[in-house]
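Q: The structure follows.
The values are calculated or read from the model by the stated rules, or taken from the named source; none is laboratory data. As the structure is a prediction and not an experimental result, all values here were calculated from the model. No Cβ is skipped: glycine too gets one built from the backbone with ideal geometry, and neighbour counts run over all protein chains shown. Note: accessible area is taken over every heavy atom of the protein model, side chains too, but ligands, DNA and RNA are not part of it. Shrake-Rupley method; radii C 1.70, N 1.55, O 1.52, S 1.80 Å.
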Amino acid sequence: MVVRPERVPAEEVRQRMLEAGRELVFETGAALTIEHLHLEEVIQRARVPRSSVYRMWPYKEGYIDDLLCYLAGPGSWFNDDAVFDPETYAVVERVLSDNKHLLATADGRRALLCEVIRLATARNYQALSESPAWRLHTALVATLGSTRSDEARRKIADALEDAQSRSRSSMLTLFGYLAGLLGLRMRDPARSPEQMILAGGLLVQSLALRNVQVQATLTDTPGAAYVDGLLNAPIQGPGLDGRPAPWSLAAFCYLAVVDSFAEPDPDFVPPQAP
């Protein structure tokens, strides 16, 4: 009796191949060498008929373009998890919930703002530094200009910008919540919250990217240990109830961005029963 090979619908072949390619990229760390993926290896991982794959992608270049578009869009880290690290939001909730008594005074609200930035930014910096998916996203941004096809380049650019836009939107929602609770306003109406969020987000991402580089060369490059200390050694800064607290460089810099754009609202009336 002849066993017929499994018949797999074309759309399922496509999805399996894209997911298999994504898995291999993460496993091998091939973010910057994705074009060196072996199509036969992807086919074996996807467990789909070779004939179906080569009908869909007669040339490997076509598959690579589609995989890059997938990694930038439906298969990106933004679609795997919440757009913003969930633990970062949890940090904000804990700080506010545990210190409601500080909402009653201007000094207390300032202390809460500093504590939220201190802990949430440090958490986000750590999450980015440790995320292979975020590193892949960054690599796609860095290598966008080398994509062969104009159409593929446009699709990848659109997907990457959509991901960044969703991230900024998430951060804007968080800032709006804090501004209403802590009594903040923009220093100059000509400077928008969107500009502040963009500047702060790029600052933390650039520091996280530098940290990824440093950690990768820490045992081999003499100067890396010095930079690691600059990036990750605690900095003394303001804490709750007037006590000093350890700050990360990322959080310290993020506070400077917020302070340059926002200020306490003199007309703010704190809630009577926080």
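Q: Restricting attention to segment 173-218, report how many residues are without any contact (Cβ under 8 Å) to a residue 24 or more places away in the chain, more than 26 Å from Val269 (Cα to Cα) and either of a type in the set (Phe, Trp, Tyr) or open to solvent by 40 Å² or more (accessible area, probe 1.4 Å) (or both).
A: 7
Q: Could you tell me whether Asp267 is open to solvent by 90 Å² or more (accessible area, probe 1.4 Å) and either under 26 Å from Ala106 (Cα atoms) or at pLDDT 95 or above (or both)?
A: Considered against the rule, which asks whether it is open to solvent by 90 Å² or more (accessible area, probe 1.4 Å) and either under 26 Å from Ala106 (Cα atoms) or at pLDDT 95 or above (or both), Asp267 comes out as yes.
Q: Yes or no: segment 76-92 includes at least one residue that is part of a helix (DSSP H, G or I), modelled with pLDDT of 85 or more and not aliphatic (A, V, I, L, M).
A: No, every residue in segment 76-92 fails to be part of a helix (DSSP H, G or I), modelled with pLDDT of 85 or more and not aliphatic (A, V, I, L, M).
Q: Exactly one condition in (1) touching a Pro at 6+ places or on another chain (Cβ under 8 Å); (2) polar (S, T, N, Q); (3) over 24 Å from Arg123 (Cβ atoms) is false for Ser192; which is it?
A: Just one mismatch for Ser192, condition (1).
Q: Okay, next question. Working carefully through the options Arg135, Arg153, find the one that is without any contact (Cβ under 8 Å) to a residue 24 or more places away in the chain, surrounded by 15 or more Cβ atoms within 10 Å (Cβ to Cβ) and basic (Lys, Arg). Reasoning before the result, please.
A: Values: Arg135 fails: without any contact (Cβ under 8 Å) to a residue 24 or more places away in the chain.
Going through Arg135, Arg153 in turn, the sole match is Arg153.
Q: Of everything in segment 224-264, what is part of a loop (DSSP other than H, G, I, E, B) and surrounded by 15 or more Cβ atoms within 10 Å (Cβ to Cβ)? Give them in sequence order.
A: If the condition is that a residue be part of a loop (DSSP other than H, G, I, E, B) and surrounded by 15 or more Cβ atoms within 10 Å (Cβ to Cβ), then Gly239, Ser248 are the ones that fit.
Q: Condition test on Arg166, is it out of contact with any strand residue (DSSP E or B) (no Cβ under 6 Å at 6 or more places or on another chain), touching a residue at least 40 places away in the same chain (Cβ under 8 Å), outside any helix (DSSP H, G or I) and open to solvent by 70 Å² or more (accessible area, probe 1.4 Å)?
A: no
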